[in-house]
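J.: Okay, handing you the structure first.
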Amino acid sequence: MTGTSWRIGEVAGVEIRVDVSWGLIALLVGYTFFVVLAAEFGATTTGTVVVAAIAMTLAFFASVLIHELAHSLLAKQRGITVRGITLFLFGGATHADLETKEPKDELVIAAVGPLTSFALAGVFWVLAQVPGSDLVAYAAGYLGWINLALAVFNLLPGFPLDGGRIVRSLVWRSRGDIVAATRVAARGGRIVGMVMIGIGVFELFFLGALVGGLWLMAIGWFLSQAATASFTHLQLKTVLDDVPASRLMTRDLVDVPAGITVQRAVDDYFMRHNYNAFPVQGERGDTGLVTMKRVRELPRDRWDSATVDEVMEPLSDMCTVSPSGAAGEVVDKLMKGEVGRVVVVDQGEVVGLITPRDLVRWLERARELGLSEKAMSLS
Ligand SMILES: [Zn+2]
């Protein structure tokens, strides 16, 4: 899930971002808190209840963030690259390069999240015992239960939940095979997801709990999708680790002269060949690509005057790989949508392109021909 997100800050070198979908959950959570508090403290003024609901929403937000920070900081301490934290619709995600490390690292880093939530539940429980305001005590107690629920939910044995990561690290350790371990944990993720959808349907139709039922169904669906996607991603990467980039790439590219206008490039190249990018030998001896995206970005009235040289994207700005480089290397970047294509370069010359479509097509064909034992499906 790479939607639009905003950077809200940085803690100990870990960038924290909030996805737009978090706005929705903040409203929903805040409204739920308001309803709960209003039912309990009906006699209090609405203003007080609103303020308390907002404070509870912020405390909930902080709880999820602290859980994710615990993962991030421990990962960093163990020398694992952490790219940052994104809070989104269903909680938080810590972006770290875990897949390359030891099973023990994954076990510890996964376990610290639920442990942190348990600890937070304890802190809120203590706060709830402090004499004074009934409203504050009630809100703290409620947040304690929520953190307890977060800890238990995250311990469910389905990848990519923390519990699923713990399962994966244990299987990985005992079998020494990360792909097999991920398959087991991802199956767990799909089962947990299906069970949640089932409970959601039951709540919806038999208990009449509309919001709760739909919410469970949405989380269940998301979980099973994420489980399947993370398995496919890892599998693709593992299979392609043994394959040189040159075998996957689209070759026979068509060069576009640097001096022609963008209009001519569109007429004679983009509209004539089935490619979205063409290599260009720049006029200053530099190499690059002219892409659909660059052409689209140029205002239409400039197509007749601008030359290809002016809109070409230099090779130095692009993700490149040598023909003998492992295709597995490029999978991460392509699958995460960080780049739209990887350029295969041999001694400074563009010899091929690899797009996500090339990856998928290659894997499908390998599977159909039975070329790769590892290219088995999840189910
Ligand atoms: Zn976690």
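The values are calculated or read from the model by the stated rules, or taken from the named source; none is laboratory data. This one's a predicted model, so the numbers in the text were calculated from it and none came from an experiment. So basically every Cβ, Gly included, is an ideal-geometry build from the backbone, and we count neighbours across all protein chains shown. For accessibility, only protein heavy atoms count, side chains too; no ligands or nucleic acids. Shrake-Rupley method; radii C 1.70, N 1.55, O 1.52, S 1.80 Å.
J.: When you go through (1) at pLDDT 85 or above; (2) among the aromatic types (Phe, Trp, Tyr); (3) within 16 Å of the ligand (Cβ to nearest atom) one by one for PHE90, which number turns out not to apply?
T.: Among (1) at pLDDT 85 or above; (2) among the aromatic types (Phe, Trp, Tyr); (3) within 16 Å of the ligand (Cβ to nearest atom), the lone unmet condition for PHE90 is (1).
J.: Six or more apart or on different chains, Cβ under 6 Å: which pairs go from a residue in region 59-72 that's more than 11 Å from the ligand (Cβ to nearest atom) to one that's modelled with pLDDT of 90 or more? Could you list them?
T.: Note: pairs meeting the criteria are ALA59/LEU143; SER63/LEU120; SER63/ASN147.
J.: Also, quick follow-up: Give just the number: which of (1) closer than 30 Å to THR291 by Cβ; (2) over 25 Å from the mean Cα position of the chain (by Cα) does PHE206 not satisfy?
T.: For PHE206, the exception is condition (1).
J.: Please specify each residue of region 269-296 satisfying the condition of being in a loop (DSSP other than H, G, I, E, B) and either open to solvent by less than 100 Å² (accessible area, probe 1.4 Å) or closer than 23 Å to ASP358 by Cα (or both).
T.: MET271, ARG272, HIS273, ASN274, TYR275, ASN276, GLY282, GLY285, ASP286
J.: Which one of ALA151, ALA140 is surrounded by 14 or more Cβ atoms within 10 Å (Cβ to Cβ), within 16 Å of the ligand (Cβ to nearest atom) and assigned to a helix (DSSP H, G or I)?
T.: On the way: ALA140 fails: within 16 Å of the ligand (Cβ to nearest atom).
Step by step, each of ALA151, ALA140 is checked, and only ALA151 is surrounded by 14 or more Cβ atoms within 10 Å (Cβ to Cβ), within 16 Å of the ligand (Cβ to nearest atom) and assigned to a helix (DSSP H, G or I).
Table: residues versus (1) in contact with an Asp or Glu (Cβ under 9 Å, 6 or more places away or on another chain); (2) among the hydroxyl-bearing types (Ser, Thr, Tyr); (3) not assigned by TED's automatic domain parsing to the domain that holds VAL35.
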position: ALA139; (1), (2), (3): no, no, no
position: ASP162; (1), (2), (3): no, no, no
position: SER174; (1), (2), (3): no, yes, no
position: THR182; (1), (2), (3): yes, yes, no
position: GLY193; (1), (2), (3): no, no, no
position: MET196; (1), (2), (3): no, no, no
position: GLY200; (1), (2), (3): no, no, no
position: PHE205; (1), (2), (3): no, no, no
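J.: Would you please list the contacts, defined by Cβ atoms under 6 Å and residues six or more apart or on different chains, that run from a residue in region 153-179 that is within 17 Å of MET196 (Cβ to Cβ) to a residue that is open to solvent by less than 30 Å² (accessible area, probe 1.4 Å) and in a loop (DSSP other than H, G, I, E, B)?
T.: ASN154/LEU161; GLY164/GLY158
J.: Related question: Part of a helix (DSSP H, G or I) and over 21 Å from ALA121 (Cβ atoms): is that true of VAL50 in this structure?
T.: Criteria met by VAL50.
J.: Checking GLY220 against (1) surrounded by fewer than 19 Cβ atoms within 10 Å (Cβ to Cβ); (2) modelled with pLDDT of 85 or more; (3) of a type outside the set (Phe, Trp, Tyr), only one condition comes out false. Which one?
T.: Unmet for GLY220, out of (1) surrounded by fewer than 19 Cβ atoms within 10 Å (Cβ to Cβ); (2) modelled with pLDDT of 85 or more; (3) of a type outside the set (Phe, Trp, Tyr): (1).
J.: While we're looking at this one, here's another question. Check ARG183, ARG247 and return the single one that is under 24 Å from VAL330 (Cα atoms) and loosely packed, with under 15 Cβ neighbours inside 10 Å.
T.: Of the residues listed, the single one that is under 24 Å from VAL330 (Cα atoms) and loosely packed, with under 15 Cβ neighbours inside 10 Å is ARG247.
J.: Select from region 344-379 the residues that are among the hydroxyl-bearing types (Ser, Thr, Tyr) and at pLDDT below 80 and write down the one among them that is surrounded by the most Cβ atoms within 10 Å (Cβ to Cβ).
T.: Selected residue: SER372.
J.: Might you let me know whether region 159-171 holds any residue that is more than 16 Å from the ligand (Cβ to nearest atom) and under 23 Å from ASP332 (Cβ atoms)?
T.: Yes, region 159-171 contains at least one residue that is more than 16 Å from the ligand (Cβ to nearest atom) and under 23 Å from ASP332 (Cβ atoms).
J.: Tell me which residues, restricted to region 93-125, are at pLDDT 90 or above and over 30 Å from GLY23 (Cα atoms).
T.: Result: LEU107, VAL108.
J.: Inspect region 327-335 for any residue being loosely packed, with under 14 Cβ neighbours inside 10 Å and assigned to a loop (DSSP other than H, G, I, E, B) and give the result as yes or no.
T.: For region 327-335, residues loosely packed, with under 14 Cβ neighbours inside 10 Å and assigned to a loop (DSSP other than H, G, I, E, B): absent.
A quick yes/no check of all residues on (1) open to solvent by less than 60 Å² (accessible area, probe 1.4 Å); (2) of a type in the set (Asp, Glu); (3) within 23 Å of ARG247 (Cβ to Cβ):
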{"site": "LEU298", "(1), (2), (3)": "yes, no, no"}
{"site": "SER305", "(1), (2), (3)": "no, no, no"}
{"site": "PRO323", "(1), (2), (3)": "yes, no, yes"}
{"site": "VAL342", "(1), (2), (3)": "yes, no, yes"}
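J.: For the structure I just gave you, tell me whether LEU27 is open to solvent by 70 Å² or more (accessible area, probe 1.4 Å) and either touching an Asp or Glu at 6+ places or on another chain (Cβ under 6 Å) or part of a helix (DSSP H, G or I) (or both). Show your work before the answer.
T.: Details: open to solvent by 70 Å² or more (accessible area, probe 1.4 Å): yes; either touching an Asp or Glu at 6+ places or on another chain (Cβ under 6 Å) or part of a helix (DSSP H, G or I) (or both): yes.
Considered against the rule, which asks whether it is open to solvent by 70 Å² or more (accessible area, probe 1.4 Å) and either touching an Asp or Glu at 6+ places or on another chain (Cβ under 6 Å) or part of a helix (DSSP H, G or I) (or both), LEU27 comes out as yes.
J.: Report, by residue number, each residue of region 199-215 that is open to solvent by less than 40 Å² (accessible area, probe 1.4 Å) and part of a helix (DSSP H, G or I).
T.: GLY200, LEU204, GLY212, GLY213
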